[in-house]
Amino acid sequence: NAGVMQNPRHLVRRRGQEARLRCSPMKGHSHVYWYRQLPEEGLKFMVYLQKENIIDESGMPKERFSAEFPKEGPSILRIQQVVRGDSAAYFCASSLQGYGNTIYFGEGSWLTVV
Amino acid sequence: KQEVTQIPAALSVPEGENLVLNCSFTDSAIYNLQWFRQDPGKGLTSLLLIQSSQREQTSGRLNASLDKSSGRSTLYIAASQPGDSATYLCAGFPMEYGNKLVFGAGTILRVKS
């Protein structure tokens, strides 16, 4: 049973470009979460999605960031016009059910903005 | 606002020692609590989940307890091994918004052979 799959694992973007990070949840999981780990900081919640719905995006920056989890295909975290401060590890996680269920994390996507 | 503190920030022990990692929440109203392990450059591996109705969970050499009245959790690692070296993170699901894990900064553990 494959775990949470994220790609790319490493991504380098120049300032002003777009970054697209993909996440396939564990088989059977319909709850997806994105977290960000900035250098020397802890993990911070960004967004919680279920299929075709954003349930909670209270941790998302107001501009340039968006997330989706379509009916078919992986969840996508999109960062437009990246800046150096966006350099971080972005982790996707999934759970079978919501509210307090065990959450399983992927290996992360490391974004470097140059 | 829920904040999580993990003590100690770093720990270095010889192989074979039993050790305790501590985690505390500013708001003791947490629903569930999950302990993770993170290796450098890697994702998070779930170790134990303590649900709201439980006080502790055990898996192999690991035992985690939760005192909801005080908002404190401990992770006990028995007979530590060099392979246990990693960053250990505790994270809680606050009662107020149970889908968001609130993480501590972690304890960096090094087990020397």
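The values are calculated or read from the model by the stated rules, or taken from the named source; none is laboratory data. Note that this is a predicted model, so its numbers are computed, not measured. Using ideal geometry, Cβ is built from the backbone for each residue, glycine included, and neighbour counts are taken over all protein chains shown.
A few notes on this one:
- Within the range A:91-114, the residues that satisfy the criterion of being in a loop (DSSP other than H, G, I, E, B) and at the interface with chain B (Cβ under 7 Å from one of its Cβ atoms) are A:GLY98, A:TYR99, A:GLY100, A:THR102, A:ILE103, A:GLY106, A:GLU107, A:GLY108.
- The range A:55-90 - residue that is basic (Lys, Arg) and part of a loop (DSSP other than H, G, I, E, B) and, of those, nearest to the chain's Cα centre (by Cα): A:ARG64
- Considering B:SER53, B:SER28, B:SER69, the condition of being away from chain A (no Cβ under 14 Å), loosely packed, with under 13 Cβ neighbours inside 10 Å, more than 14 Å from the chain's Cα centre (by Cα) and modelled with pLDDT under 90 is satisfied by B:SER69 alone.
- Residues satisfying the stated conditions in the range B:20-50, i.e. among the small types (Gly, Ala, Ser) and assigned to a strand (DSSP E or B): B:SER24, B:SER46
- Residues in the range B:78-93 that are surrounded by fewer than 22 Cβ atoms within 10 Å (Cβ to Cβ) and touching a strand residue (DSSP E or B) at 6+ places or on another chain (Cβ under 7 Å) were compared, and the one that is nearest to B:VAL20 (Cα to Cα) is B:SER80.
- The set of residues in the range B:39-50 being within 30 Å of A:ARG9 (Cβ to Cβ) and more than 9 Å from every other protein chain (Cβ to nearest Cβ) consists of B:ASP39, B:PRO40, B:LEU47, B:LEU48.
- For beta carbons closer than 6 Å, sequence separation of 6+ or different chains, a first residue in the range A:27-41 that is more than 18 Å from A:GLY3 (Cβ to Cβ) and a second that is of a type in the set (Phe, Trp, Tyr), the qualifying pairs are A:ARG36/A:TYR90.
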